[in-house]
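Below is one structure; the comments refer to it alone.
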Amino acid sequence: MKVAYIFRQPQASYLLGKMIVPQLLESRHGVTVVGMFFFEDNTYVLKKNDPLGEKLNQLAIDNNMLLMACDQCCYQREIADKLVNNASIGCFPDLYKALQEAGGVDLVITL
């Protein structure tokens, strides 16, 4: 099953760092994660030199996984030019297009 995550809630980065990323690194998450989309303060996770962001960046490289941050959130926080190399910024139409190009998804999970 192919899934995409949308990280919206303030505690989402905690769940990502303590559960999802360790499972992905150990190849025991149980599904194929094709993309992750970050809103509000969760966008800070994707900043260069953030330990979790760097792990996500490597996972994106290794697994051809989409990392995208909300454009308005990034511009408001003045981090649009400070994201890890494999992260992009965009809005829902950009997310839909990128996920479709990645082969589509079976399930979208919002945390």
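Structural remarks
- Neighbours by Cβ (under 8 Å, 6+ apart or cross-chain): first from segment 16-27, closer than 13 Å to Y5 by Cα; second surrounded by 15 or more Cβ atoms within 10 Å (Cβ to Cβ) and among the basic types (K, R): V21/K55
- Residue under evaluation V45, criteria (1) out of contact with any strand residue (DSSP E or B) (no Cβ under 6 Å at 6 or more places or on another chain); (2) of a type in the set (A, V, I, L, M); (3) not in a helix (DSSP H, G or I), criterion not met: (3)
- Close contacts from segment 76-103, counting a first residue that is farther than 19 Å from V33 by Cα and at pLDDT 95 or above and a second that is assigned to a loop (DSSP other than H, G, I, E, B) and not hydroxyl-bearing (S, T, Y), with Cβ to Cβ under 7 Å and a gap of 6+ residues or different chains, come to K82/K48; L83/K48.
- Among the residues of segment 69-92, those identified as within 12 Å of the chain's Cα centre (by Cα) and within 14 Å of E40 (Cβ to Cβ) are A69, C70, I89.
- Residue ID - surrounded by the most Cβ atoms within 10 Å (Cβ to Cβ), chosen from residues in segment 45-60 that are more than 10 Å from the chain's Cα centre (by Cα) and either under 15 Å from G90 (Cα atoms) or of a type in the set (D, E) (or both): D50
The values are calculated or read from the model by the stated rules, or taken from the named source; none is laboratory data. Please read all numbers here as calculations on a predicted model, not as lab measurements. Here the Cβ is made from the backbone with ideal geometry for all residues, glycine too, and neighbour counts use every protein chain on show.
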